[in-house]
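These notes concern the structure reproduced below.
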Amino acid sequence: MSTINLIVQTLHNLTRWGIVILGLVAIIRAFAGWFGKKEYTPADNRAGMLYTIAFDIQFLLGIVLYFSKGWFGVLTADFNASMSSVGTRFFTIDHLLTMVGALTLAHVGRALSRKAADAARKHRSVAIWYGLSFALMLAAVPWPFTAFARPWLRLFGISF
């Protein structure tokens, strides 16, 4: 694997953990604000903004990997064969489309929270939309315990 691919793969893996942490922070703050009837603070806004920014970066890194590692070529070379293998289908179609959906939900939540008239609606929008985004994202990660497993952590070709 090329040095560039190793760097991008490492960044893609590390960003995953950033998204998990930032997503949890944003969602917990949103539920606490919603049910605790708290004001929507700049820190609440920043948590959501960082979650969506990290997700955007993750998506761009994933697109680079998708094309540079050849998943698109595998898909277009023999679509039927790609769809018949669970692992190949996951990386050529399922992972990509599910993550696009999760990213879209995060951006919908961000937009709705910015347009909401009061703090309760802002918190509710973030809690619901980021929560759905987060759940979808978790379902599409190739965790080590899945059929299409990837390691917990990859650092420049070293896996943990």
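Brief remarks on what is shown
- The phi torsions of region 25-39, fed into the Karplus equation with coefficients 6.51, -1.76 and 1.60 and a -60° offset, translate into couplings of 4, 4, 5, 5, 4, 5, 5, 5, x, 5, 7, x, 6, 9, 5 Hz, rounded to whole numbers, with Gly and Pro shown as x.
- Backbone geometry of region 143-158 corresponds, through the Karplus equation with coefficients 6.51, -1.76 and 1.60 at θ = phi - 60°, to 3J(HN,Hα) couplings of 4, x, 8, 9, 5, 10, 4, 10, x, 4, 9, 10, 10, 6, x, 9 Hz, x marking Gly and Pro.
- Angle of helix 42-68 to the longest C-alpha principal axis of the chain, folded into 0 to 90 degrees and rounded to 10: 10°.
- What the Cα atoms of region 3-147 give is an Rg and a Dmax of 17.1, 54 Å.
- Mean projected area of the Cα convex hull of region 1-68, taken over all directions, amounts to 4.6 nm².
- Taking the number of Cβ atoms within 10 Å of each Cβ as an exposure proxy, the fewest-first ranking of ARG114, ARG29 is ARG114, ARG29.
- Legend: calculated FRET efficiency, ILE158 to VAL74, from the Cβ-Cβ distance at R0 = 25 Å, rounded to 0.05, equals 0.50.
- Student exercise, region 1-147 dipole from Lys, Arg, Asp, Glu Cβ charges, in Debye to nearest 20: 540 debye
- Average Cα contact separation per residue, the chain, under 8 Å, 6 or more apart, as relative contact order %: 31 percent
Every number here is computed from the coordinates shown, using simple stated rules; none is lab data. Computed from a predicted structure; not experimentally measured. All Cβ positions, glycine included, derive from the backbone under ideal geometry; neighbour counts span all protein chains shown.
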